[in-house]
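Data first, discussion second: the structure below is written as structure tokens.
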Amino acid sequence: MTSLEDTPVGPRPGRVAAFLRERVGGLPRPFWVLWTGTLLNRLGTMVGPFLGLYLTTTRGLSLGEAGVVMAVLGAGTFAGQLAGGALADRIGRRATLTSATVGSGAAMLALGHARTLPALVAAALVLGVLLDMYRPASQAMVADLISPADRPRAFGLLFWAVNLGWAFAMVLGGTLARQGFLWLFWIDALTCATFGVLVWRAVPETRRRTAGGARGGFGRVLRDRVMVAFVLITGVFAFVLTQCMTTLPLAMKEEGLGPQAYGIAIAANGVLVVVVQPLAGAWLSRRDHSLVLVAGFALAGVGNGLTAPASSLPAFVGAILVWTAGEIIAAAVLQAVVADLAPADLRGRYSGMYGLAWSAGFLLAPLGGTRLLEAGGPPALWLTCMALALVSAAGQLALAPAIRRRRALTLATLFSSK
């Protein structure tokens, strides 16, 4: 007989090793450098979520003027995504990522020190162009380095790093904002530049040179009906999700809740991702990608609907946790779908086109969100967002068969080339 003293307590080492291997094993060193840089970058991401409060308090802008500045920032990201995608395919992922992130740091400081409305608009435009230029290069780099079967896991780990940094940045950002918003601009600028320098020094170029380079450019992407439809659907979802960084702090302000309360509330988003994503990500990545997206979009819509009656910090936190669950589900496969759809020579441009969906969300969220908030208050804003999220879920359900066929073709091509 085995005595109670001989019975192991807690998880067995073999099970722990298997758990870790399933989630982080087998990924190359350059990926982990990229992961570390992403985490450092997000640890300093404090300006965007607090920009509306900064403009309406420190700079004394009206809601409409603040919406214009934030919309210009979003408009700049359109050009940045396209330029970043083209440059990633032409000059390489590494050079594009480094130049964009170091430039973003300089532009961040320019925005923080701008005083007049024209200066704020000009700085926001430059920052917008540079801020998201690195994303297509980063996403293409992951697709270059990782096999299709492991891409959902790799993108999930990057998503986890983003939110680990996000949770920390929101709490610290809310506290630092009370001491002076300029702290946020300096920290954000330094972490942007550090990310670029780290990748430049430690990650080799991953772009595979092909005869004649990438042929067809964005024209080939636009002729891909499945990709265009996927971008449009994601854009609707992005409009809904981006409200948390643009209009949510203004809605909470109307309920008498300041920047520190917003920082705590939005940190719940990051905390839930940090806790749940490592547990659920691997399982979700093995499910049908389109059905995962449908579930995620729909749950995010429910969470936005629950935000409509919120008037206290606990109520906002509860609603945020629901739509965050939807975000976790969708994020498990979103970028992996793009990588499956993209030809190897156009991964930068496909990632740039996908990034346009989020740029559109960042552009339209402050414009549409502030208008809805002014016209009908929080209920009009959040119920509209719920409806849009459900529309995106229905669109993704209709697109599901085409995405399944493309993924099967991608895997068949990969196996036949071995």
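Looking only at region 40-82, residues that are more than 30 Å from V274 (Cβ to Cβ) and either among the basic types (K, R) or outside any helix (DSSP H, G or I) (or both) come to 5 in all.
Within region 198-206, one or more residues are in contact (Cβ under 8 Å) with a residue 60 or more places away in the chain, of a type in the set (D, E, K, R) and part of a loop (DSSP other than H, G, I, E, B). Please go through region 329-340 and give me each residue that is open to solvent by 10 Å² or more (accessible area, probe 1.4 Å) and among the β-branched types (V, I, T), ordered by number. If the condition is that a residue be open to solvent by 10 Å² or more (accessible area, probe 1.4 Å) and among the β-branched types (V, I, T), then I329 is the only one that fits.
On the stretch given as region 251-277, residues that are at pLDDT 80 or above, open to solvent by 10 Å² or more (accessible area, probe 1.4 Å) and in a helix (DSSP H, G or I) total 11. The set of residues in region 221-250 being open to solvent by 10 Å² or more (accessible area, probe 1.4 Å), in a helix (DSSP H, G or I) and at pLDDT 90 or above consists of L222, R225, V226, V228, A229, V231, L232, I233, G235, V236, F239, L241. For region 341-361, the criterion of being open to solvent by 10 Å² or more (accessible area, probe 1.4 Å), of a type in the set (A, V, I, L, M, F, W, C) and outside any helix (DSSP H, G or I) is satisfied by at least one residue. For region 97-147, a residue qualifies if it is open to solvent by 10 Å² or more (accessible area, probe 1.4 Å) and in contact with an Asp or Glu (Cβ under 7 Å, 6 or more places away or on another chain), and exactly one does: L117.
One residue alone among T370, T384 is modelled with pLDDT under 90, hydroxyl-bearing (S, T, Y) and either assigned to a helix (DSSP H, G or I) or touching a strand residue (DSSP E or B) at 6+ places or on another chain (Cβ under 8 Å) (or both), and that residue is T370. Among the criteria (1) of a type in the set (A, V, I, L, M); (2) surrounded by fewer than 23 Cβ atoms within 10 Å (Cβ to Cβ); (3) more than 20 Å from the chain's Cα centre (by Cα), the one L158 does not fulfil is (3). For region 119-141, a residue qualifies if it is in contact with a Lys or Arg (Cβ under 7 Å, 6 or more places away or on another chain) and among the β-branched types (V, I, T), but none of them does. Could you check, for region 374-384, whether at least one of its residues is in contact with a Ser or Thr (Cβ under 7 Å, 6 or more places away or on another chain) and open to solvent by less than 20 Å² (accessible area, probe 1.4 Å)? Yes: one or more hits.
For region 73-95, a residue qualifies if it is open to solvent by less than 30 Å² (accessible area, probe 1.4 Å) and within 19 Å of the chain's Cα centre (by Cα), and the qualifying residues are L73, G74, G76, T77, G80, Q81, G84, G85, A88, R93. With the checklist (1) of a type in the set (F, W, Y); (2) out of contact with any Ser or Thr (no Cβ under 6 Å at 6 or more places or on another chain); (3) over 22 Å from A71 (Cβ atoms) in hand, flag the one item F297 doesn't pass. The number of the failed condition is (2). Check whether at least one residue in region 105-112 is modelled with pLDDT under 90, among the aliphatic types (A, V, I, L, M) and in a helix (DSSP H, G or I), and report yes or no. Taking every residue of region 105-112 in turn, none turns out to be modelled with pLDDT under 90, among the aliphatic types (A, V, I, L, M) and in a helix (DSSP H, G or I). Only one entry of G305, G301 meets the criterion of being more than 22 Å from A408 (Cα to Cα), at pLDDT 90 or above and in contact with a Phe, Trp or Tyr (Cβ under 7 Å, 6 or more places away or on another chain), and that entry is G305.
The values are calculated or read from the model by the stated rules, or taken from the named source; none is laboratory data. Every value quoted in this text rests on a predicted model; they were computed, and no experiment measured them. Reconstructed Cβ throughout: ideal geometry from the backbone, glycine too, with neighbour counts over all protein chains shown. SASA here: full protein model, heavy atoms, side chains in, ligands and nucleic acids out. Shrake-Rupley method; radii C 1.70, N 1.55, O 1.52, S 1.80 Å.
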